[in-house]
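One structure below.
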Amino acid sequence: MECESGLLSTFASLSHDRASLWGSLEAVSLESGDLTCALSHSATEENHRPGLPNCPTSMTPQRPDPENQEKLSPEGKSLLPIEFTGSGGEYFRIWIVNLLLTLLTLGFYYPFAKVRRQRYMLTNTRVGGHALDYHANPWQLLRGYVLVGALLGGLRLASSFSITLGQITALLIWVLWPAFLYSSMRFRLRTTSWRGLRFHFTGTLAEAYKTFLPLLPPLLLLGATAWRLAADLSEKKRPEMSDLSNGTLWWILLAVIGIGYSLATGPWIEWRVRRFQHDHYALGSWTTRWQAAVGSFYGVYLKTAGLAVVSGLLVGALSVLGMALQSTNGLGNREAGILAVALGVMLAVVINSIVQVFFSTRMQNILWNGTGGAQLQFRSNLRFTPMLQLTLKNTLLTLLSLGLYRPFAVIAKLRMQLESISIETAEDPATLHESLLGTASRGDTPVRNSTGEVGSDLLGIDIGF
């Protein structure tokens, strides 16, 4: 009997311990359903206790999905979202200080202002949850600005004394332009990093000159025509068309043909420039490839031109109506004329915004949807209507604030543009950094030549990375 009593006590103790174990598992299940499922999966059906969550039959661990975790595309690839965390208030302080110091130093502070601005923009741009960084040295930029500024200033001064020198200046700028763009791309990319890895540019100087080669014929035609006109009219106090020789008239005709050539090939030339840029971005072993068709550029240019023509005709009609009403007698007609002119001006502002936003949104989507590679693909879904609303709001508030709202407008526009872009990759985000780290030796070399960056700014080249 004592043995039976001892056995019963032992079983009672085991049952109590087992009940405590299941109670602990139930408590743990409130914190982590996955842990409870894993532990209860080994239990048999008759041992399953009510109150535990239903568990999948597979023991494969599930991917966590926190708020900022990389998402999956419909094709099952990882999506690295781009997020911009800057604020208008923070950027306003940077903007106003940069503006004042640039004015007080007669422009010498501009390279330092540019580095501050670029660093703020990039460090507040997060790709896949990790911020970019900017490593440019403002003293490098200052030396480059002095060098390029002296060069272009001397050329412009020389061209003011002689038309021939002016033509030589234009030709020299064309010769230097591809070199500036190439050097600028290398400088900007290699002074930008992501998770400690420097970007780099794989294009060559020869490819840069090849890209701009189609611009040479119209430039030579315009230069030759200007030189011939100057030769015919330089000795005349009041030159007239009859003073032009037959040879000069032929040169003028060739110049008109050159202008027509430039207009017809403009979209193709921009496509070539964008191909040179987007075909050579690199990070570690990743290199982008340009996939956009030249026809898509012509489509955007033609649609934008058509929209601009129709809009211009509408604004012109309202302006003519307003002036016609103002010229007639009667106070009511004059008031209606003033109202029509005012409406025409307002409509011109709105239409200008519509045309610009249409072009910029379409071009951004074409540029980045056409940029990809073996390991990644950019996706851009910038929409016309939200961007138009934001542009009109920014324009109105900038006018009402006499320009002080501009920093807030810049931040709002940049946020919409950046956050419409994402990066699709077949790489596992958990091992992405290690994979890039092993092949990033070329991109980690610092670049000391900032002359191309400076030259691109002074010549107004939009490289838009």
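The values are calculated or read from the model by the stated rules, or taken from the named source; none is laboratory data. Computed from a predicted model, the values in this text were never measured in an experiment. Counting neighbours? That spans all protein chains shown, and the Cβs are built from the backbone with ideal geometry, glycine included. Note: accessible area is taken over every heavy atom of the protein model, side chains too, but ligands, DNA and RNA are not part of it. Shrake-Rupley method; radii C 1.70, N 1.55, O 1.52, S 1.80 Å.
Assorted remarks:
- Gain upon complete extension [Lys77, Gln389; 0.36 nm per residue less C-alpha separation]: 109.0 nm
- Area accessible to solvent at Arg272, 1.4 Å probe radius, in Å²: 30 Å²
- Efficiency of FRET between Leu414 and Met323 - r from beta-carbon atoms, R0 35 angstrom, step 0.05: 0.30
- Percent accessible area from carbon and sulfur atoms, the stretch 365-435, protein chains only, probe 1.4 Å: 61 percent
- Based on Cα atoms of the stretch 104-146, Rg over Rh with Rh as the Kirkwood radius reads 1.11.
- Extreme residue, positive dipole direction of the stretch 83-215, given options Leu103, Leu171, Leu213 (C-beta unit charges): Leu103
- For the residues Phe359, Phe180, Phe161, a 1.4 Å probe over the protein chains yields an accessible-area ranking, largest first, of Phe161, Phe359, Phe180.
- If you plug the beta carbon distance of Val175 and Val294 into 1/(1 + (r/R0)^6) with R0 = 25 Å, you get a FRET efficiency near 0.45.
- Rounded to 0.05, the FRET efficiency of the Leu400 and Leu314 pair, given R0 = 25 Å and the Cβ-Cβ distance, is 0.45.
- Per-residue SASA remark: Phe84, around 10 Å² accessible (1.4 Å probe; ligands, DNA and RNA not included).
- Kirkwood hydrodynamic radius of the stretch 98-172, Cα pairs, Å: 14.8 Å
- Listed pairs Lys303/Lys413; Lys77/Lys303; Lys303/Lys393 exceeding 31 Å between Cα atoms: Lys77/Lys303
- Virtual spin-label span in nm between Leu213 and Lys303, 7 Å along Cα→Cβ: 3.2 nm
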